Amino acid sequence: MTVKLNGNSEHVAQLLKTIISLIPDAVMVTDEKGLCVMVNRAYTEISGLSQEDVLGKPANIDIAEKESILMKSLKEKRPILNELRRVGPEKKEVLCSATPIFFDGELVGSVGVMHDISEIKRLSRELEQKNQLLKNLQPTYTIEDIVGKSEAIIKAKERAKACAEFFATVLISGESGTGKELFAHAIHNLSKRSQGPFVRVNCAAINKDLLESELFGYEGGAFTGSLKKGKKGYFEEADGGTIFLDEVSELSMPAQAKLLRVLQEQEVIRVGATVPRKVDVRVIAATNRDLEEEVKAGNFRKDLFYRLDVLSIKIPPLRERKEDIPLLCRHILKKLNQKYGRGVNNISDEALKLLYSYDWPGNVRELENVISRAMINMDISEKEIKKEHIPPINILKEEKNKEEDGVISINIKNKKWKEIKKEFEKKVFDYYLKGKKKKVDIARELGITRRSLYLKIEEKAN
Ligand SMILES: Nc1ncnc2c1ncn2[C@@H]1O[C@H](COP(=O)(O)OP(=O)(O)OP(=O)(O)O)[C@@H](O)[C@H]1O
Ligand SMILES: [Mg+2]
């Protein structure tokens, strides 16, 4: 849209000058030769050059890299849009556009606009770094989140509190699902470094070939596909905080050697670098294997084991502290109610008895799983978990295993004598054969001949 402006050309020039001066982007106007005739205030701010620096000078005076957009638009007599340039002594990143100005079909100059994107770039870099950190950060737990009234758990919690006061490495061991990660968080949050980062590294999940660069970082251009500016490793990211080396027994031998060096020197060498960097990191390691056994078997370095095992916390399996089950159930219910918007607030005695009868090889994680599945089996209006809601996971098997050694039970309801006898015999022979004794010995123990034993086994097989 064009509007005819009233007034003489001086008025129009003043009007345009005022408009240009108010534009937040940098503006430069040149004559047909590309000599600068005008810049606005934003220009001096963004480029870092004064009016005197540029007026009467060629338009490429401000360009730190590449060709000037204004010159290009004059040369090619066409608008050039959205190209990246760096300007001024600070080499600020700007997005530029320029267009030639024609008067009566004749080229009289050009106008260029630069938009400062250095702030956007800085923010996006910051965001990228924060995202990277967030990826490794877990929700935080405190010592209060560790539930249990058994002596074993109370002791382990006390030990965690004591460990938190020291800088030394802590080794947490326990079967899968016993709460090792929970303890690691709690120690970090109790320690002086609680405001620092908590970085979890799953040693079993890291790609072996990338392990070194993941843990220790790399210098720019250290290998093909690496970031130009290099990258921090987990240890540097955990600087001032705690690094949690989960499943530490899974580290390869070369990785163990490198880890040992970091623990000894408190410094890391990025891949491709020669100079080490100091890091201030507290190490907490966890394992669900017996590391001492792994050392004996030659799978884990002895010196590293001693470095890690300065302070140790052993979390006993749930089957050895079944008195924690009711409290844990209440805790888990509260969590799941919140998560699913439910109002389940009780577990029947019978259901609890069933939970007690099981040995929980997957420990607290398995208990969480079973309760969550029980909730799915409940009507939305039901408030109490009953025996029938609990999924039949391994429970029958466990109850069977619980039978006293050598005691056999069979259900005789609605069965003929012949059937009962057959089932009974089958169970007797199953029992003996599972014991992996030699058949001669079984026959002798039962007071039958070897031949009749073979016949019975054959009968059983048919
Ligand atoms: N004492 C406890 N009180 C409350 N919740 C617990 C307790 N122990 C474990 N949990 C819960 O059980 C789940 C498993 O715990 P965690 O991940 O810490 O176990 P882990 O020992 O690290 O297991 P894995 O060896 O399989 O990694 C988590 O959801 C955790 O919150
Ligand atoms: Mg874990």
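The values are calculated or read from the model by the stated rules, or taken from the named source; none is laboratory data. Quantities reported herein were computed from a predicted structural model and do not represent experimental measurements. Glycine gets a Cβ as well: all are built from the backbone with ideal geometry, and neighbour counts include every protein chain shown. Surface areas here come from the heavy atoms of the whole protein model, side chains and all, with no ligands, DNA or RNA. Shrake-Rupley method; radii C 1.70, N 1.55, O 1.52, S 1.80 Å.
Structural remarks
- Of the listed requirements (1) open to solvent by 70 Å² or more (accessible area, probe 1.4 Å); (2) more than 16 Å from ligand 1 (Cβ to nearest atom); (3) part of a helix (DSSP H, G or I), THR274 misses just one: (3).
- Considered as a group, the residues in region 309-334 that are outside any loop (DSSP other than H, G, I, E, B) and within 16 Å of ligand 2 (Cβ to nearest atom) include one that is nearest to PRO197 (Cα to Cα), and that residue is ILE313.
- Where MET253 falls short, out of the listed (1) in contact with a helix residue (DSSP H, G or I) (Cβ under 9 Å, 6 or more places away or on another chain); (2) open to solvent by 40 Å² or more (accessible area, probe 1.4 Å); (3) more than 16 Å from ligand 2 (Cβ to nearest atom); (4) closer than 24 Å to GLU292 by Cα: (1)
- Scanning region 355-368 for residues that are open to solvent by 20 Å² or more (accessible area, probe 1.4 Å) and farther than 18 Å from ILE153 by Cβ returns SER357, PRO361.
- From ILE284, ILE313, ILE325, residue being at pLDDT 90 or above and under 30 Å from GLU384 (Cβ atoms): ILE325
- Here LYS192, LYS232, LYS157 are screened, and the one residue that is within 11 Å of ligand 1 (Cβ to nearest atom) and at pLDDT 85 or above is LYS157.
- Scope region 361-380; condition more than 16 Å from ligand 2 (Cβ to nearest atom) and either among the aromatic types (Phe, Trp, Tyr) or outside any helix (DSSP H, G or I) (or both); matching residues: ASN377, MET378, ASP379, ILE380
- Every condition in (1) within 16 Å of ligand 2 (Cβ to nearest atom); (2) open to solvent by 60 Å² or more (accessible area, probe 1.4 Å) holds for LEU245 except the one numbered (2).
- Set ASN346, ASN337, ASN288, ASN299: member being assigned by TED's automatic domain parsing to the domain that holds GLY196 and away from ligand 2 (no atom under 16 Å from the Cβ): ASN299
- Residue in region 369-380 that is open to solvent by 100 Å² or more (accessible area, probe 1.4 Å), in the same structural domain as PRO326 (by TED's automatic domain parsing) and modelled with pLDDT of 85 or more present: yes
- Meets criteria (in contact with a Phe, Trp or Tyr (Cβ under 8 Å, 6 or more places away or on another chain), at pLDDT below 95, within 13 Å of ligand 1 (Cβ to nearest atom) and more than 17 Å from ASP280 (Cα to Cα)) for SER176: no
- For region 198-214, the criterion of being β-branched (Val, Ile, Thr) and out of contact with any strand residue (DSSP E or B) (no Cβ under 9 Å at 6 or more places or on another chain) is satisfied by at least one residue.
- Residue within region 299-306 that is open to solvent by 80 Å² or more (accessible area, probe 1.4 Å), more than 21 Å from ALA204 (Cα to Cα) and either part of a loop (DSSP other than H, G, I, E, B) or hydroxyl-bearing (Ser, Thr, Tyr) (or both) present: no
- For LYS339: the one exception among (1) over 27 Å from GLU144 (Cβ atoms); (2) within 13 Å of ligand 1 (Cβ to nearest atom); (3) loosely packed, with under 14 Cβ neighbours inside 10 Å: (1)
- Every condition in (1) part of a helix (DSSP H, G or I); (2) within 16 Å of ligand 1 (Cβ to nearest atom) holds for GLU128 except the one numbered (2).
- In region 196-232, the qualifying residues are those that are among the small types (Gly, Ala, Ser) and closer than 25 Å to ASN299 by Cα, and the one that is farthest from ligand 2 (Cβ to nearest atom) is SER213.
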